[in-house]
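I have placed the structure first, in the form of structure tokens, so that the comments after it can refer back to it.
The values are calculated or read from the model by the stated rules, or taken from the named source; none is laboratory data. What you are looking at is a predicted structure, and each value in this text was computed from that prediction instead of being measured. All Cβ positions, even for glycine, are placed from backbone atoms using ideal geometry, and neighbour counts span all protein chains on display.
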Amino acid sequence: MGFDLQSLLAGIMVWAVPILLAITLHEAAHGWVASKLGDDTAKNMGRVTFNPFKHIDKFGTIILPAALLLISGGQYMFGFAKPVPVNFNNLRNPRRDMILVAGAGPAANFLIAITAGLLLHVAPHLPDSYIPLVAENLRNLLFANVIFGVFNLIPLPPLDGGRIAVGLLPRPFSYWLASVERFGFLIIIFVFFALPWIGQKVNLDLNVIWWLVWVPTMFVVDIIATITGLK
């Protein structure tokens, strides 16, 4: 596969912290906003915390990132956390507040990405031996948070974008979209993994992930690079 142990360990060193920060603060933001809007479910379960171990999902936080690191030879890592439980019936204004709770996660990711962009200006002033590692972690922190925020804004439940869409759409459409949630991850797997594979077999470009995630990710990264003075 074109990788060795050294490159794998190097990949872990520059991706592990950014991924853990991205998923931890994303989920904590959901729980924190929910608690402010009337639902203490996540708070009572200890999920409104910066402790990453409270948010770890065995597959999404450990197995998937490790597999991607192996496949990419230590160049790429992505994952997800255990979803924060929210009882929307406890929210003071369930329809409106569902949008705010769902949007809190991606908003936190974009805020972290901006912070990482600003901190990249500090990295060159560190001792020389620290600069490469710190700068690479900050670049990956920026990128990981943008791609995590963009991915979660796809309007398909159980992703945050799906919950936002359910809150915004007229009731007949919102009920239908909400009913799709139980099939959400199966749809994601089909669209993002099976469909491109089928496209390769029939010589068609069905790489939906490029248009839904990669293109908007690079657009947002470019905006953040501009506003933080990296360009």
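Pairs are defined by a Cβ separation below 9 Å, a sequence spacing of at least 6 or placement on different chains, a first member in segment 193-222 that is surrounded by 15 or more Cβ atoms within 10 Å (Cβ to Cβ), and a second member that is of a type in the set (D, E, K, R) and in a loop (DSSP other than H, G, I, E, B); the pairs so defined are 196/205. In segment 36-80, of all residues being surrounded by 15 or more Cβ atoms within 10 Å (Cβ to Cβ), of a type in the set (A, V, I, L, M) and modelled with pLDDT of 80 or more, the one that is farthest from residue 104 (Cα to Cα) corresponds to 56.
For segment 51-61, how many residues meet the condition of being of a type outside the set (Asp, Glu) and either closer than 11 Å to residue 80 by Cβ or in contact with a strand residue (DSSP E or B) (Cβ under 7 Å, 6 or more places away or on another chain) (or both)?
Step one: of segment 51-61, the residues of a type outside the set (Asp, Glu) are 51-56, 58-61.
Retained after the next criterion (residues that are either closer than 11 Å to residue 80 by Cβ or in contact with a strand residue (DSSP E or B) (Cβ under 7 Å, 6 or more places away or on another chain) (or both)): 55-56, 59-61.
Total meeting the criteria: 5.
Yes/no per residue for (1) more than 17 Å from residue 81 (Cα to Cα); (2) in contact (Cβ under 8 Å) with a residue 60 or more places away in the chain; (3) polar (S, T, N, Q):
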| position | (1), (2), (3) |
| --- | --- |
| 12 | yes, yes, no |
| 21 | no, yes, no |
| 33 | yes, yes, no |
| 47 | no, no, no |
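Scanning segment 117-137 for residues that are in a helix (DSSP H, G or I) and either of a type in the set (D, E, K, R) or in contact (Cβ under 8 Å) with a residue 40 or more places away in the chain (or both) turns up 117, 118, 133, 136, 137. Here residue 157 meets each of (1) more than 20 Å from the chain's Cα centre (by Cα); (2) in a loop (DSSP other than H, G, I, E, B) with one exception, condition (1). With respect to the stated conditions, residue 225 is assigned to a helix (DSSP H, G or I) and either under 17 Å from residue 138 (Cβ atoms) or charged (D, E, K, R) (or both). Evaluate the following for residue 142: is it surrounded by 12 or more Cβ atoms within 10 Å (Cβ to Cβ) and not in a helix (DSSP H, G or I)? No; evaluated as a whole, the condition is false for this residue.
Checking 176, 197, 214 one by one, the residue that is at pLDDT below 90 and assigned to a helix (DSSP H, G or I) is 197 and no other.
Specify which of the listed residues (114, 131, 99) is over 30 Å from residue 168 (Cβ atoms) and out of contact with any strand residue (DSSP E or B) (no Cβ under 9 Å at 6 or more places or on another chain).
Details: 114 fails: over 30 Å from residue 168 (Cβ atoms); 99 fails: over 30 Å from residue 168 (Cβ atoms).
Being over 30 Å from residue 168 (Cβ atoms) and out of contact with any strand residue (DSSP E or B) (no Cβ under 9 Å at 6 or more places or on another chain) holds for just one of 114, 131, 99, which is 131.
Checked against (1) surrounded by fewer than 17 Cβ atoms within 10 Å (Cβ to Cβ); (2) in a helix (DSSP H, G or I); (3) modelled with pLDDT of 75 or more, residue 26 passes all but a single condition, namely (1).
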